[in-house]
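What follows is one structure encoded as structure tokens, with my remarks underneath.
Every read-out reported here was derived from the displayed coordinates using simple, explicitly stated rules and does not represent laboratory data. The structure displayed is predicted, hence computed values, not measured ones. Reconstructed Cβ throughout: ideal geometry from the backbone, glycine too, with neighbour counts over all protein chains shown.
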Amino acid sequence: MTNTHATSSCCHTPAPEGHTDLLATTAPTSDHATECPVMPGTVVNKATAEAAGLFRDYEGQRYWLCCAGCGPRFDADPATYARAAD
Ligand SMILES: [Zn+2]
């Protein structure tokens, strides 16, 4: 018997499929997802955000927010967040 079993198992590290799918579906450039202007880097699903009321219309542009905490923060300084989202 050789060490084949031990070496093959250590070379085989499957990627976590759930995580890969999550990254693919949350690409900021896709039609249904965008980035939260208040928390850049946080991907927001537009439909989910709208259903939850987590969006703001500012100067003809709609901004989607990642959580309820971002609403008041956007309202407090919409110009800054709108500019950051551009
Ligand atoms: Zn948020």
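Given their separation in residues at 0.36 nm each and the Cα-Cα distance between them, residue 68 and residue 50 gain 5.3 nm when the chain is fully extended.
Modelled this way, with points 7 Å down the Cα-to-C-beta line, the labels at residue 80 and residue 59 are 1.5 nm from one another. When each of 35, 50 is scored by the number of other beta-carbon atoms lying within 10 Å, the sequence from fewest to most is 50, 35. Going from the residue with the fewest nearby Cβ atoms within 10 Å to the one with the most, 34, 80 rank 80, 34. Each residue of segment 31-47 is assigned a 3J(HN,Hα), and the resulting list reads 5, 9, 10, 8, 9, 5, x, 7, 10, x, x, 9, 7, 10, 7, 4, 4 Hz, derived from the Karplus form 6.51 cos²θ - 1.76 cosθ + 1.60 (θ = phi - 60°), x at Gly and Pro.
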